[in-house]
Number of protein chains: 2
Amino acid sequence: MDYQLFYWNVPFRGNFPLILMSEAGLKFEVVDASKIYPDSSLSIICPGVAPPYLLDCKENKYLNQMPAIMMHLASRHNLLPKNSPDVWVALKLILDCNDILYEITRYHGMEMWTSQKWKEFRTYRFSKWLKQFETIGYERLDKTSGFFFDGKISVADLSVTALLGALKWSFPALTTDMKESCPNVLSLVERVEKREGIKQFLKKQRKELGKEYCSGQIEDSIRSMLSSQAH
Amino acid sequence: MDYQLFYWNVPFRGNFPLILMSEAGLKFEVVDASKIYPDSSLSIICPGVAPPYLLDCKENKYLNQMPAIMMHLASRHNLLPKNSPDVWVALKLILDCNDILYEITRYHGMEMWTSQKWKEFRTYRFSKWLKQFETIGYERLDKTSGFFFDGKISVADLSVTALLGALKWSFPALTTDMKESCPNVLSLVERVEKREGIKQFLKKQRKELGKEYCSGQIEDSIRSMLSSQAH
């Protein structure tokens, strides 16, 4: 076993490292976050306040904060862009993904969606995020090929796929937004989801979890917004 | 001019890169975020959805997302830890700081504080974050010396100082929490704030802005909680 990921049994934030590890052909398992959180989360070496936590089994070291886990894994397994400025643009893209996770769950369910706020989010904010990805990918992505950096897959492609692939699967209506605002990035996501390791991982996960995304009342709230918009 | 930082005229998230650039002796200026946000934020190369944006004047390149800006600057100006795993622990610490900025402003003022929620935050959550910093610094910090990594200053020390130094200055009552939960980290923050470049920067900023922190209704909300707790 190379790594254990302590997380809840939903795609949401956990799928970022899981998709990366699947691409890299690593041996990993998901351990329920309750084994470490909240009780012993401060007593491990390099503590953290919230899941996901990655345990490097060989070194017996923990690391939490999803974007840090992604950069650590990418650095170890040859999935960072080649040049230094691009490395930090890749990190920026992961942080953008992480912000979208916050926003779509109203900061982890701090509030539920109202029709008005959902409409504003979908019309202005979500489309702005998607257009931003498309602009950053502009020179290097087309409908049939390309990656964000260096003509090869990196942590940036994997992160955007973990975000948009899961949203597309769990809430198919959002695919329309992606088609409109980021057609080339959407096609990247579809290509990455077909890569062998990731395809196998997603097939198994989607069979087990169905359409579940982040669970809880906030997932119900997103679903009720989508069904009342009737598309 | 080496860099321009597009941000609002408050410490909050902008002080992270400003403190780093002061330490590194760089030439920089703060430009009001309204020059770029929201109107032209999608039309620059490497667009971003929200401030701060850093402009590298020599390369004419933009980068947003505070933790990415910090890592980019640290990588350029010799402020990253030496060894790769530590680099990602430093990133984790910056992300922790960024999460605390979200939490103390109730996600940028999405809700205002109530006495009940403020009490819970201060008693459980804020103290947990502080204890976590103290644990991570445990082996390398003491009351009079030390840094998080390699016995020298890095982006980790600068980020924790940007967070706690500003909170301490703007809301002195919170110093009590730091004394209780992270005495060695508090002493690090005090040492870092006395370094020549940072001292000059803070002196000028604090003269200009007074006790202002993040501005707006949410700053008023924090202040009303602190005054009603009468300490």
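Every read-out reported here was derived from the displayed coordinates using simple, explicitly stated rules and does not represent laboratory data. Every value quoted in this text rests on a predicted model; they were computed, and no experiment measured them. As a convention, Cβ positions derive from the backbone with ideal geometry for all residues, glycine included, and neighbour counts pool all protein chains shown.
Counting other Cβ atoms within 10 Å of each Cβ, which GluC sites (Glu not before Pro) in region A:20-72 have at most 13 and sit in a DSSP loop? Answer by residue number: A:Glu59.
Which aspartates and glutamates have a Cα lying under 13 Å from the Cα of A:Lys203, excluding residues fewer than 8 positions away in the same chain? Counting by Cα, and skipping residues close in sequence, A:Lys203 has these aspartates and glutamates nearby: A:Glu193. Where q = 0.18, 0.21, 0.23 Å⁻¹, what log10 of I(q)/I(0) comes from the Debye formula for region B:1-103, counting one point per Cα? Result of the Debye calculation: -0.87, -1.16, -1.34.
For chain A, DSSP calls about 65 percent of its internal beta bridges antiparallel.
Rounded to whole numbers, the Karplus 3J(HN,Hα) couplings from phi for region A:80-96 are 8, x, 6, 9, 3, x, 5, 4, 7, 6, 4, 4, 4, 5, 5, 5, 4 Hz, using 6.51 cos²θ - 1.76 cosθ + 1.60 with θ = phi - 60°, and x at Gly and Pro.
Estimated from helices alone, the mean residue ellipticity of chain B at 222 nm is -16500 deg cm²/dmol (sum of -39500 (n - 2.57) over DSSP H runs with n ≥ 4, per residue). With a cap of 10 neighbouring Cβ atoms within 10 Å, and only residues DSSP puts in a loop, list the GluC sites (Glu not before Pro) found in region A:83-156. Answer in residue order: A:Glu139. Contact order for chain B, expressed relative to its length and based on alpha carbon pairs under 8 Å spaced 6+ residues apart, stands at 23 percent. Centroid-to-centroid, using Cα positions, region A:161-227 and region B:98-167 are 34 Å apart. Backbone geometry of region B:34-47 corresponds, through the Karplus equation with coefficients 6.51, -1.76 and 1.60 at θ = phi - 60°, to 3J(HN,Hα) couplings of 5, 5, 10, 10, x, 4, 9, 5, 9, 9, 6, 6, 6, x Hz, x marking Gly and Pro.
Inter-chain neighbour count for B:36-49: the average number of beta-carbon atoms from partner chains within 10 Å of each residue's beta-carbon is 3.
Counting trypsin sites (Lys or Arg not before Pro) as exposed when in a DSSP loop with at most 15 other beta carbons within 10 Å, what is the longest stretch of chain B free of them? Answer - B:83-139. Each residue of region B:57-73 was assigned a 3J(HN,Hα) from its phi angle through the Karplus curve 6.51 cos²θ - 1.76 cosθ + 1.60 (θ = phi - 60°); the sequence is 5, 6, 8, 6, 10, 9, 8, 10, 6, 3, x, 5, 4, 4, 5, 4, 5 Hz, with glycine and proline shown as x.
Within the set B:Lys35/B:Lys58; A:Lys27/A:Lys92; B:Lys152/B:Lys199; B:Lys117/B:Lys168, which residue pairs have Cα atoms separated by over 25 Å? Cα-Cα > 25 Å for A:Lys27/A:Lys92; rest within. A simple count of charges around B:Cys97, restricted to other residues whose Cβ falls under 12 Å of its Cβ and scoring Lys, Arg +1 and Asp, Glu -1, yields -2. Of the beta bridges in region A:3-76, as assigned by DSSP with both residues counted there, near 60 percent are antiparallel. With both bridge residues required to lie in the protein assembly as shown, what share of the DSSP beta bridges run antiparallel, to the nearest 5%? Rounded to the nearest five, the antiparallel share is 65 percent. Amide H to amide H, with H built 1.01 Å from N, A:Asn64 comes under 5 Å of A:Leu54, counting only residues 5 or more places away or on other chains. The alpha-carbon atoms of the protein assembly as shown define a convex hull whose volume equals 140 cubic angstrom per residue. The convex hull built on the alpha-carbon positions of chain A has an orientation-averaged projected area of 12.3 nm². Take A:Gly197, push a point 7 Å out from Cα through the beta-carbon direction, and compare it with the same point in every other copy: 3.9 nm, smallest first.
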